[in-house]
Amino acid sequence: SQVVNYAPFTLLPSAVPSALFEQAYAVQQDFNLLVDAISQNKEFLERTLASTIKVDDFTARLFRIYTQVLEEGLAQSVFLGINRSDYMFDCGVDGTPALKQIEINTIAASFGGLTSRTAAVHGRILKVLGKPKEASRLLPNNPSKGLALGIVKAWELYGSQSAVVMFLVEEVQRNIFDQRCVENELWDRNIRVIRKRFRDVFEKGSLDDARRLYMDGQEVAVVYYREGYMPKNYNQQNWEARLLLERSRAVKCPDIATQLAGTKKVQQELSRPGTLEGLLSGHTEAVARIRATFAGLYSLDMGKEGDKIAAMAIADPDRFVLKPQREGGGNNLYGEELRQVLEKIKDSPERTSYILMDKIKPQPAMNYLLRAHSPLQVSECISELGIFGVYVRQGKEMVMNTAAGHLLRTKAIEHADGGVAAGVAVLDTPYLV
């Protein structure tokens with residue numbers, strides 16, 4: 001119907017190397033610590049984003065709210081991070097697959113709900129195909145519960161039994177059932193949930209003298225953003241609503257510093273020698289685990305080094321991906337398009353709003369992608385593994401740090417970029433091999 005559509009999925013689960021799957025889980029708590037450390041490091045964020053905020057208006061406006069809130073003094077004392085670190089399996093020269101991070105999403109990381117249902121679907125399909133033994137090998141996976149437990153912890157630490165959790169949602173909610181899975185976990189624990197848009201916050205949101213946030217007369221303990229990660233989510237009213245939320249005592253997931261910690265520019269800076277050591281001093285093993293997942297990342301800052309890298313990418317565009325400072329999928333540039341854009345901006349400061357990354361080359365496999373109104377045909381596919389991370393910090397003390405489940409998305413190889421919400425990838429289940 002025009003109202004409801006089924007979430008797209010693969011007919012069969014996809015093979016995932018168990019060693020790489022375990023590696024992705026093992027490094028997630030390290031990434032949680034890293035994101036949290038970056039969000040608390042004003043000097044690092046200022047230095048890293050200095051060139052980007054000159055040429056990228058969206059990042060600049062987020063940064064202005066960030067500095068304004070810091071100058072006023074944070075009312076928020078409990079911090080909740082829900083992120084998703086995404087990887088692909090890169091087949092090197094010798095064909096051995098290696099885990100390589102694509103990005104880490106620190107705002108509105110989605111599909112924790114729907115992927116909680118996917119293993120049961122694939123288990124049923126395998127049984128129908130007469131493969132009960134294979135069906136029993138699929139791992140249970142319930143990120144919606146894991147994400148909800150993070151929200152519950154933050155709500156408890158906020159310390160008001162009557163306060164509500166507010167899901168900040170889009171004007172048009174195409175992914176509502178994914179969010180409902182997390183929401184229902186909260187109702188099951190007797191925590192009230194309200195769903196509001198930026199527009200509602202602008203019209204009805206207010207702060208009292210203690211900077212407690214109220215919506216329609218109800219105190220809000222936690223604001224869980226499922227919106228607000230791209231420029232088109234904002235008009236002047238919405239920017240004002242965002243500022244109001246950030247100034248409040250409510251636990252924001254994420255607060256604006258954590259959203260900035262997830263920018264592509266920060267990702268590129270982290271790959272520089274010495275940066276991780278500076279941010280996670282005393283965590284030598286964590287640094288090594290994180291660094292092992294990095295793909296090659298290159299700076300396009302103005303100067304000789306940036307000139308050389310731009311020229312290298314123009315000469316051999318198929319080796320690289322050009323990424324703007326955007327979330328939500330479908331923004332990256334490849335091949336001829338990458339070459340044309342770089343040719344155009346190679347001598348302009350505009351190039352600093354992008355990062356360049358080595359293109360990961362996974363081994364394709366055959367599967368069927370089930371989508372509404374699409375013909376059923378076997379396709380050559382590649383998969384991307386996401387691990388959900390949840391952490392809660394109160395003051396300086398980390399009170400929760402965990403990996404909350406996984407998400408496997410699969411797409412046909414002709415699509416270079418884009419996730420499930422962008423209409424390219426479909427939900428999948430890992431079959432460990």
Note on region 14-122: contact order normalised by length, alpha-carbon pairs under 8 Å, 6 or more apart, percent, works out to 20
Checking Glu156, Glu185, Glu305 against a Gaussian network model of the chain (alpha-carbon springs below 10 Å), the top fluctuating residue turns out to be Glu305
Simple SL model, points at 7 angstrom along Cα→Cβ for Met366 and Lys308; separation in nm is 4.6
Local electrostatic count at Leu244 - Lys and Arg +1, Asp and Glu -1, tallied over other residues with Cβ under 13 Å: +3
Note to self, the chain gives a 222 nm [θ] from helices alone (DSSP H runs n ≥ 4, -39500 (n - 2.57) apiece, / all residues, nearest 500) of -11500 deg cm²/dmol
Projected area, mean over directions - region 70-195, Cα convex hull, nm²: 12.8
Starting from the residue with the highest accessible area, list Val121, Val172, Val182 in decreasing order, probe 1.4 Å. Val172, Val121, Val182
Within the P(r) computed for the chain, what percentage of the Cα pairs occupies the region above 29 Å? 46
Normalising by the residue count of the chain, find the relative contact order in percent from Cα pairs under 8 Å and 6+ residues apart. 28
Between Ser18 and Glu277, take the C-beta separation as r, use R0 = 35 Å, and let me know the FRET efficiency to the nearest 0.05. 0.70
Highest GNM mean-square fluctuation, the chain, Cα pairs closer than 10 Å: which of Gln173, Gln363, Gln394? Gln173
Classify region 240-310: rounded, prolate or oblate, from the alpha-carbon gyration tensor (a ≥ b ≥ c, eigenvalue square roots; a/c under 1.5 rounded; otherwise prolate if a/b is larger than b/c)? oblate
If you take all C-alpha pairs in region 249-377, what percent of them are over 21 Å apart? 54
Residues with amide H under 5 Å of Leu114's amide H, sequence separation 5 or more or different chain, H placed in the peptide plane at 1.01 Å from N; which? none
Mind listing the Cα extents of region 345-421 along all three principal axes, in Å, largest one first? 53, 43, 26
Given backbone amide H placed at 1.01 Å from N, residues whose amide H is under 5 Å from that of Leu370, ignoring those fewer than 5 places away on the same chain, are Phe9, Thr10, Leu11
If I model a spin label as a point 7 Å beyond the Cα along the Cα-Cβ vector, how far apart are those points for Arg291 and Lys344 in nm? 3.8
Here the equivalent ellipsoid of region 1-155, derived from its Cα gyration tensor, has semi-axes (largest first, whole Å) of 37, 21, 16
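The values are calculated or read from the model by the stated rules, or taken from the named source; none is laboratory data. Just so it is clear, the model here is predicted, and its values are computed rather than measured. Here Cβ is always computed from backbone atoms with ideal geometry, including for glycine, and neighbour counts include all displayed protein chains. These accessible areas exclude ligands, DNA and RNA; they are computed on the full protein's heavy atoms, side chains included. Shrake-Rupley method; radii C 1.70, N 1.55, O 1.52, S 1.80 Å.
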